[in-house]
Amino acid sequence: MLPLFIDQNFNQIILRGLRSRIPALDAITAHEAELSEASDPELLAWAAGNGRIIVTHDHHTMPDHVADRIAAGERESPAS
C-alpha cells in the first residue's frame, strides 16, 4: 500500500471513511506529524523526506509549491 501524508486541509470526513473501509491504510496526518501549522513547502519537504505521497484538497497554492520543488530539482523521495 502506498504511504500517504494527509494535508491539514484534506477533508477529515473522507479520511475517516477511508480508514474505516481500509483498516491497513498507511496514512499519517499533518496533525499526527505535529505539522498542523507548517507551510506548504514544509509539508512537501516532510512528505518527500519520509517517502510519503501528499494528499490534499489545496488546489490554490500547493500546485505552485510542487512546481517550485520540481524546478529546483528537488527529489520526490530519498529512494528516487
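Computed from the coordinates by the stated procedures, all read-outs in this text should not be read as laboratory data. This one's a predicted model, so the numbers in the text were calculated from it and none came from an experiment. Every residue, glycine as well, gets a Cβ built from its backbone with ideal geometry; the counts of neighbours run over all protein chains shown.
D7 sits among other residues whose Cβ lies under 13 Å from its own Cβ, and their net charge, with Lys and Arg +1 and Asp and Glu -1, is -4. The modelled label-to-label distance between I14 and D64, using points 7 Å beyond Cα along the C-beta direction, is 2.2 nm. Summed over qualifying helices (DSSP H, 4 residues or more, each -39500 (n - 2.57)) and divided by its residue number, the chain shows a 222 nm mean residue ellipticity of -11000 deg cm²/dmol.
Going by alpha carbons, how many degrees (0 to 90, nearest 10) lie between the helix axis of 12-21 and the longest principal axis of the chain? Approximately 60 degrees, to the nearest ten.
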